[in-house]
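These notes concern the structure reproduced below.
The values are calculated or read from the model by the stated rules, or taken from the named source; none is laboratory data. Note that the structure is a prediction, hence the values are computed from the model and not measured. Heads up, the Cβs are rebuilt from the backbone with ideal geometry, glycines too, and the neighbour counts pull from every protein chain shown. Keep in mind that these areas ignore ligands, DNA and RNA; they rest on the heavy atoms of the full protein, side chains included. Shrake-Rupley method; radii C 1.70, N 1.55, O 1.52, S 1.80 Å.
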Amino acid sequence: MCTGLEVIFDVSGKQQILFQIFPTSNSKLIHQSHFLLQKKKKMMSLEIPLKIASVAFALSLLSNSLLIYITVRCVKKVTGSYRRMIIQFSILAVIFPGLQIVVKPFSHNFKECMMFFSLNTSGGPGLQFSISVWVGLSTSIISLIAVQFVYRYLSFLDVEKARKFENLNTPLFWILYPFVPGSLYTASLYFLCQPDSYSDDYMINTIQENYSLNITNQSRFTILPFGVDGNLRWLNCSFIISATLLIFVHYVIIIFCGVKIYRYIKKELGKFSAKNMQLQQQFFCALVIQSLGPTVLLVFKVSIFLLFPLLAHFWNIDLSYQTGWFCSVAGLFPIVDSVAFMIIVSEYRLWIIKKFSSVFVTNHSSVSHSNGGVEIVGHVPVVL
């Protein structure tokens, strides 16, 4: 009978531990070894979303830097508010996945509770606040998309109001506006979802089993709308209401302006030349794709998980799920948005084709030297 930990090797060369050959006196060592193996496996699986976030940041930095460069240096005739919006969106699209690497956000839904925490073991109030800032940035991005829809809507349907975008003060207001709902979202999460003893007791075993982490050592927020005997926890309920309203209002604006723009384009297509028709379709498609990226990869999924504690309470749903895996793909939408924009809008696409062709193709005469042009819709400069 063996008196210690016996290790053998199978034909693949991998170590396998034979727990069954230990005497009873070594049961403590068996459990410790098993625990360490399980913890290692869990930590290795959690490295995957962190690697995805790192790749997303690198690609986002590359694609959005290219978009900013073309907008600032190469597309000279695209000026004013629209140019500022493109640059602002690209900057936020780099900051968002960059902060994600530092914060390492993850979430877990267990019955009536959702815990949003960091896999960064450094902890501290600064890290906790950074989590709320990262979440708030997503709201700022949605708000900026809504502003772009309003801008497009006014440029088509209300030229006088659209001119106000171009005066001295209004551009600054619209540049700063997206940070208002983002700050409100950040503040509501930070002040209304602080963990307490009840929420920690509710999640402590689940976090330990799934991540081998001590919940008290992690920077975290908990959303547990119901307490003992089904009593409402008003702080958490207030966050759910405020977060829902902030997102809902801006999507109402996006849908309203989007429908109006679509109907206007469809109605006026007969009055447009073929060139103008292509122009309107490009910018409308680019704007729609830009809104679909964060909607599909972030907002839609987070909204479901955010509302799940309410559904679990009323429908008696008993579910434990690592919803934080969806946080890892949240940083992908800036890549989708920037690449889609440069592909759809022809002036950007033609510049990229021209540059790549000059590098990889020896016969430069076969490359089109069309500059894409710019036309005026109302008073607003628009890229072909």
Fill in: Subset of region 122-134 [touching a Ser or Thr at 6+ places or on another chain (Cβ under 7 Å) and at negative phi]
Leu127, Gln128, Ile131, Ser132, Val133
Worksheet item: Does region 132-145 contain at least one residue that is modelled with pLDDT of 75 or more, open to solvent by 60 Å² or more (accessible area, probe 1.4 Å) and assigned to a helix (DSSP H, G or I)?
Response: no
Item to complete: Mind counting the residues in region 96-131 that are of a type in the set (A, V, I, L, M, F, W, C), surrounded by fewer than 20 Cβ atoms within 10 Å (Cβ to Cβ) and touching a residue at least 60 places away in the same chain (Cβ under 8 Å)?
Response: 3
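Identify all residues within region 312-336 that are assigned to a helix (DSSP H, G or I), closer than 30 Å to Leu62 by Cβ and open to solvent by less than 50 Å² (accessible area, probe 1.4 Å); write none if there are none.
Result: Cys327, Ser328, Ala330, Gly331, Phe333, Pro334, Ile335.
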Worksheet item: Within region 199-222, can you find the residues that are charged (D, E, K, R) and assigned to a helix (DSSP H, G or I)?
Response: Asp200, Asp201, Glu209
Fill in: Close pairs from region 256-273: first at pLDDT 80 or above, partner open to solvent by 60 Å² or more (accessible area, probe 1.4 Å), Cβ under 9 Å, at least 6 apart
Lys260/Leu157; Ile261/Leu157; Tyr264/Leu157; Ile265/Met277; Ile265/Gln281
Worksheet item: Any idea which of (1) farther than 24 Å from Phe239 by Cβ; (2) at pLDDT 85 or above is the one Phe356 doesn't satisfy?
Response: (2)
Worksheet item: For the subset of region 201-212 comprising residues that are open to solvent by less than 20 Å² (accessible area, probe 1.4 Å) and out of contact with any Cys (no Cβ under 8 Å at 6 or more places or on another chain), which member is farthest from Leu119 (Cα to Cα)?
Response: Thr206
Fill in: Residues within region 296-311 that are buried (at least 16 other Cβ atoms within 10 Å of the Cβ) and more than 21 Å from Ala53 (Cα to Cα), tallied
4
Worksheet item: Given the structure, is Gly293 surrounded by 13 or more Cβ atoms within 10 Å (Cβ to Cβ) and either closer than 24 Å to Ala330 by Cα or touching a residue at least 24 places away in the same chain (Cβ under 8 Å) (or both)?
Response: yes
Fill in: From Asn217, Asn231, residue being open to solvent by 70 Å² or more (accessible area, probe 1.4 Å), out of contact with any helix residue (DSSP H, G or I) (no Cβ under 7 Å at 6 or more places or on another chain) and free of Cβ contacts under 8 Å to residues at least 60 places away in the same chain
Asn231
Worksheet item: Between a first residue in region 80-91 that is buried (at least 16 other Cβ atoms within 10 Å of the Cβ) and a second residue that is of a type in the set (Lys, Arg), which pairs have beta carbons less than 6 Å apart while being 6 or more apart in sequence or on different chains?
Response: none
Worksheet item: In the list Ile289, Ile335, Ile304, which residue meets the criterion of being modelled with pLDDT under 85 and among the aliphatic types (A, V, I, L, M)?
Response: Ile304
Item to complete: Please identify the pairs in which a residue from region 300-311 that is closer than 15 Å to Leu189 by Cβ and part of a helix (DSSP H, G or I) has its Cβ atom under 9 Å from the Cβ atom of a residue that is among the aromatic types (Phe, Trp, Tyr) and open to solvent by 50 Å² or more (accessible area, probe 1.4 Å), counting only partners at least 6 apart or on another chain.
Response: Val302/Phe326; Phe305/Tyr321; Phe305/Phe326
